[in-house]
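A.B. asks: Can you read through this structure? Questions will come right after.
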Amino acid sequence: MSSLKVIEIGETYHVEGHPRETFQVLKIYHPPNIPGKAVVLGMVSMDSKAATPAHTHGGSAVIAVVADGTVLNQMNGDEQFISRVGETWYEGPGYHHVRSEMRARKTRMRCSLLC
């Protein structure tokens, strides 16, 4: 598990000394066969050395595809793993995303969320 220090800046939590990600919503769909749910397509961008604090997505499921760069991830108590361009990962509802850190260059990930 990451030992990075999390601090609060304004109303947002940050990993101390690291920039945060940006999230751009590309499209939102409301499938009629899944009442009350939405599919959100988005792009996460993270600058060099960026990191996110540990978090969950509640009742949402997330599928991410690395578009540029590499990302170091860790879910729940599982082993950490590195994802490279074209590689994917899945976060099920309630997963605890305990580690998300970028490497030396900017990273972008395309994400699909069912929420």
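Read-outs: derived from the displayed coordinates by stated rules, not from any lab. On a predicted model such as this, the values are computed, not experimentally measured, just so you know. All Cβ positions, even for glycine, are placed from backbone atoms using ideal geometry, and neighbour counts span all protein chains on display.
A.B. asks: How many of the residues in the range 71-107 are more than 25 Å from residue 30 (Cα to Cα), buried (at least 17 other Cβ atoms within 10 Å of the Cβ) and not small (Gly, Ala, Ser)?
C.D. replies: 10
A.B. asks: Of all residues in the range 32-53, count the ones that are within 22 Å of residue 5 (Cβ to Cβ) and either of a type in the set (Asp, Glu) or in contact with a Leu (Cβ under 9 Å, 6 or more places away or on another chain) (or both).
C.D. replies: So the answer is 3.
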